[in-house]
1. For the list (1) open to solvent by 80 Å² or more (accessible area, probe 1.4 Å); (2) at pLDDT below 90, I need the number of the one condition that Asn25 fails.
2. Could you tell me which residue of region 76-101 is nearest to Lys57 (Cα to Cα), considering only residues that are over 17 Å from the mean Cα position of the chain (by Cα) and among the basic types (Lys, Arg)?
3. Go through region 111-133 and give me each residue that's closer than 22 Å to Phe64 by Cβ, touching a strand residue (DSSP E or B) at 6+ places or on another chain (Cβ under 8 Å) and surrounded by 13 or more Cβ atoms within 10 Å (Cβ to Cβ).
4. All but one of (1) under 16 Å from the mean Cα position of the chain (by Cα); (2) in a loop (DSSP other than H, G, I, E, B); (3) not β-branched (Val, Ile, Thr) hold for Ala122; state the number of the condition that does not hold.
5. Listed residues Ile87, Ile51, Ile70; which is surrounded by fewer than 15 Cβ atoms within 10 Å (Cβ to Cβ) and in a strand (DSSP E or B)?
6. Report yes if Lys58 is modelled with pLDDT of 80 or more and either loosely packed, with under 15 Cβ neighbours inside 10 Å or under 24 Å from Ser93 (Cβ atoms) (or both), otherwise no.
Amino acid sequence: ESYELNAIDYLVKPITFPRFFQAVNKFIEQKKESQPVVAPLTLAAQRDAHIYVNSNKKHIKVAFQDILYIESIKDYIRIHIPNQTIITKEKISEFEQKLPGHFLRIHRSFIVNLKQVTAFTAQDVEIGEREIPIGGSYKREVLGRLR
């Protein structure tokens, strides 16, 4: 029956840890082989990575590399870029899902672009002159990613 179900491995009780470990490794290796290979973004593609945000009935193109940090104000967010702040009606948790991996939620009201961080302490992150607090529930992940 396990062959009909395309089982990766079959364990018989009592299961020893080495045998369980072997089965898990077999599963991981098979999954690696079956996943499609995705080419990394080229430098040009990374430079062109952007998002359109709706602000004052206009769709504004914002390059991810230009975003310093994002601030939440209830159902709105402020996107801080050099020399400008864009306000759009969207929840920070929904906007967070649209961001690439170099953005990190550090507080319930703030997401920062890790590439723009100039300094940090255990309590805050600095982007230029702006100090942004690190929330207690985010502290472990934030400090882990920044170190």
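1. (1)
2. Lys89
3. Residues satisfying the conditions are Ile111, Val112, Asn113, Leu114, Gln116, Val117, Phe120, Val125, Glu126, Ile127, Arg130, Ile132.
4. (1)
5. Ile87
6. Answer is yes for this residue.
The values are calculated or read from the model by the stated rules, or taken from the named source; none is laboratory data. All values derive from a computational prediction rather than experimental measurement. As a convention, Cβ positions derive from the backbone with ideal geometry for all residues, glycine included, and neighbour counts pool all protein chains shown. Quick note on the areas: whole protein, heavy atoms, side chains included, nothing else; ligands and nucleic acids left out. Shrake-Rupley method; radii C 1.70, N 1.55, O 1.52, S 1.80 Å.
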